[in-house]
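Reading through the structure tokens given below for one structure.
Read-outs throughout are calculated quantities, based only on the coordinates presented, and are distinct from any laboratory measurement. Worth saying up front: this structure is predicted, and the values here are computed from it rather than measured. Neighbour counts run over all protein chains shown; Cβ positions are idealised from the backbone, glycine included.
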Amino acid sequence: MPAEFSLLLVAALAATGLVAGVLAGLLGVGGGIVIVPVLFYIFTAMQVDPGVIMHLAVGTSLATIIPTSIRSVMSHHKKGSVDPALLRKWALPMLVGVLLGTAFASVVSSAALTLVFATIALIVSLHMALGKVERTLADELPSGPAGGAVAGGIGAFSAMMGIGGGTLGVPILTLFSYPIHKAVGTAAGFGLIISVPGAIGFVLAGLGDPSRPEGLLAVGYVSLLAFVLIVPATVLATPYGVKLAHVLSKTALRRAFAVFLGFTAIRMFASLV
């Protein structure tokens, strides 16, 4: 790997970590919505085997979300915007969803994972951009089996996309009349429930894959090199995103969420053409 490319790689990953950290605090998304597509393009530039590019991007992203989510939850908890009761209620069904999503992701193609990521990101982006803040499906969150199904779905699709629970969790919670700022803080907790078992699953799934590149120091489908470069910047930047989350209006939060998701989705669809 040329020295110039190595320096560019370090700078790109560090910058990715900074942006991901701000988004993790601001939107409760764990940063994966930025990390996955950036890693996808970086690994493509490095001529990594196309068959494992998305698996490496998703697995590495889930690993980086672990420390980010911890920092984000702590910051939001200090501001009273985390709902511990909901986290306890949804933890088990969400974990089951994560395990199912990780198992599915380990056997499908890289293109299939890219399609899943782009499709869901675009749907959520359009909802956040065009949907009215006041528009809801119900006055409270579903309980019983319905609530478990919602939690499991968030876990499964988030694991397949390599993202924190906020990308799906925030819009879903707000559809059930959940306050946006509390949704963001609680969704940061979803990210922890999703990222730990998800990252472990991608490590185990990729241990015997000979297509993994040596230069990325990959353990299974998690790149230790990318992890070490992204995480410090992400953890450093997360508290600044939390401060912004408690300053910006509901409309500003929804628009910021929609812009980043929409841009990401378009870029990922383009890669499939």
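Determine the gain in length on full extension of the stretch LEU217-ALA146; use 0.36 nm per residue of separation and subtract their C-alpha separation, reporting nm with one decimal.
Details: separation 71, 0.36 × 71 = 25.56 nm, distance 4.16 nm.
Here the answer is 21.4 nm.
What do you get for the angle between helix 166-175 and the principal long axis of the chain? Use alpha-carbon atoms, 0 to 90 degrees, nearest ten.
Approximately 20 degrees, to the nearest 10.
Would you look at the GNM of the chain, springs on alpha carbons closer than 10 Å, and say which of SER158, SER72, SER109 moves the most?
For the chain, modelled as a Gaussian network with Cα springs under 10 Å, the answer is SER109.
Kindly state, to the nearest 0.05, the FRET efficiency for HIS77 paired with LEU225, given R0 = 41 Å and r defined as their beta-carbon distance. Present the calculation step by step, with values, prior to reporting the outcome.
Numbers: r = 32 Å, r/R0 = 0.77.
The calculated FRET efficiency here is 0.85.
With angles folded into 0 to 90 degrees, how steeply does helix 250-272 sit against the dominant principal axis of the chain? Use alpha carbons for both and round to 10.
It is inclined by approximately 30 degrees.
Compare the Cα positions of VAL116, ALA156, GLY144 along the charge dipole of the chain (+1 at Cβ of Lys, Arg; -1 at Cβ of Asp, Glu; about the Cα centre) and return the one farthest towards the positive end.
About the Cα centre, the residue reaching furthest to the positive side is GLY144.
Measuring from the lowest to the highest alpha carbon on each principal axis, how far does the chain reach, largest first, in angstroms?
55, 36, 34
Taking the Cα atoms of the stretch 1-127, report the difference between the largest and smallest coordinate on each principal axis, in whole Å and largest first.
So the three principal-axis extents are 50, 31, 27 Å.
Stretched out fully, how many nm does the piece from PHE269 to LEU236 gain, at 0.36 nm a residue minus the Cα gap?
Length gained between PHE269 and LEU236: 8.8 nm.
Compute the angle between helix 110-130 and the longest alpha-carbon principal axis of the chain, please, reported from 0 to 90 degrees and rounded to the nearest 10.
Relative to the chain, helix 110-130 is tipped by roughly 30 degrees.
For PHE176 and TYR41, what is the calculated FRET efficiency with R₀ set at 35 Å and r taken between the beta-carbons, to the nearest 0.05?
0.50
How long are the semi-axes of the equivalent ellipsoid of the stretch 221-273, taking √(5λ) for every eigenvalue λ of the Cα gyration tensor, in whole Å from largest down? Intermediate values should be presented prior to the final figure.
On the way: eigenvalues 123, 99, 6 Å².
Ellipsoid semi-axes (Å, largest first): 25, 22, 5.
Over the C-alpha atoms of the stretch 144-198, what are the Rg and the largest Cα-to-Cα span, Dmax, in Å?
That works out to 10.5, 29 Å for Rg and Dmax.
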